[in-house]
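See structure below.
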Amino acid sequence: MPPIVVLGSINMDLVVTTPRFPAPGETLLGGAFQTFPGGKGANQAVAASRLGAEVSFVGCVGRDAWGAELRSLLASEKVDVTYVIARGGEMTGAAVITVDASGQNTIVVASGANMAVTTRDVEAARDAIEQADALVMQLESPLPAVQRAAEIARGADVPVFLNAAPAQQLPTDLLELVDILIVNETESRIVADLRDENLTHGQISTHLSARSHGHVVITLGREGAVHFDGETLTQREAFVVKPVDTTAAGDAFVGALAVAWCDGQSIEESLAFACAAGALAVTRAGAMPSLPTRHEVESLLRRS
């Protein structure tokens, strides 16, 4: 099993279903309300663990009931929580999510303790990062912590996977430490700072690859994903499934891509593996509960 370190967010997701999204100022009567463990970092860690990786997590929760529950849930998913800090004075992160009848969602995040991760916390996990086969991160943690983790990984020749979400323009000195940059279609334009709506995925990938000097993967939802290695653009079609809830589909994709990459699969195989994981995730409600096992992903690949 490949050892993977994930630095990222841990949230409690507060989910309500709705027939449609409300207009500004409008009140709608929704449907069922549920709470699920989530956060991009935690989702990606659990995704990788369910797919066979040995995962260690670096992050922060509050010293509250949600924090204790989420830390325990990660441990139950065989994620090492040695570097998950319960920080006083902070509330555990939360995400308010609405899911419409088609399975699309809107998400508002209250970061809380996720933004209390420090470079000192990262330094405490140095040994784990240096011994990993991959470091996986997102942008729901403070940039100084993300930067320091990338520096440690680069110094130990550990591949850095950065899922640049929520999207923002990033400093060049961080992008140059990234080996595999993963963004969705909207995020790709924000990170690249490109406003031309007529640009192709290949043109956007070329721009991002020139800045990071690494691989670029753009996820396209129902259209699959594309990969650019600086020379060749590879596209993988999506698997056809009936969507229930798209929450965490991207996280399933990122975790699966890291696992397949560390397993030594080709880029075509890695994209297929990741697309299969993302497709399965949209067929179930919730973030973490929707993440598939390796058996489920391999079964879908065989059927297709």
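The values are calculated or read from the model by the stated rules, or taken from the named source; none is laboratory data. Not measured: the values here are computed from a predicted model. Backbone-built Cβ (ideal geometry, glycine too); neighbour counts: all protein chains shown.
Of the set (1) of a type outside the set (A, V, I, L, M, F, W, C); (2) surrounded by fewer than 19 Cβ atoms within 10 Å (Cβ to Cβ); (3) not in a helix (DSSP H, G or I), all apply to ARG211 but (3).
Table: residues versus (1) closer than 26 Å to ASN105 by Cα; (2) of a type outside the set (D, E, K, R).
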position	(1), (2)
ASP193	yes, no
THR206	no, yes
HIS215	no, yes
LYS242	yes, no
ASP251	yes, no
GLU268	no, no
CYS275	yes, yes
LEU280	yes, yes
HIS295	no, yes
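Of the strands (runs of 3 or more DSSP E) lying entirely inside the range 132-198, those carrying at least 1 residues that are in contact with a Pro (Cβ under 8 Å, 6 or more places away or on another chain) and under 21 Å from ASP121 (Cα atoms) are 134-137. Note on the range 110-160: residues that are surrounded by fewer than 24 Cβ atoms within 10 Å (Cβ to Cβ) and of a type in the set (S, T, N, Q) amount to 5.
Filtered by the rule that a residue be at pLDDT 95 or above, surrounded by fewer than 23 Cβ atoms within 10 Å (Cβ to Cβ) and either out of contact with any helix residue (DSSP H, G or I) (no Cβ under 9 Å at 6 or more places or on another chain) or small (Gly, Ala, Ser) (or both), the range 90-109 gives a lone residue, ALA94. Here is the figure for the range 283-304: residues that are at pLDDT 95 or above and crowded, with 23+ Cβ neighbours inside 10 Å total 3.
For the range 240-259, the set of residues classified as of a type outside the set (Val, Ile, Thr) and either within 24 Å of VAL15 (Cβ to Cβ) or free of Cβ contacts under 8 Å to residues at least 24 places away in the same chain (or both) consists of LYS242, PRO243, ASP245, ALA248, ALA249, GLY250, ASP251, ALA252, PHE253, GLY255, ALA256, listed by residue number. Just to be sure I understand, how many residues within the range 1-60 are of a type in the set (Phe, Trp, Tyr), surrounded by 14 or more Cβ atoms within 10 Å (Cβ to Cβ) and farther than 22 Å from ASN184 by Cβ? Number satisfying all stated conditions: 1.
Say whether the condition of being under 25 Å from HIS295 (Cβ atoms), hydrophobic (A, V, I, L, M, F, W, C) and touching a residue at least 12 places away in the same chain (Cβ under 8 Å) is met by at least one residue in the range 8-25. No: zero hits.
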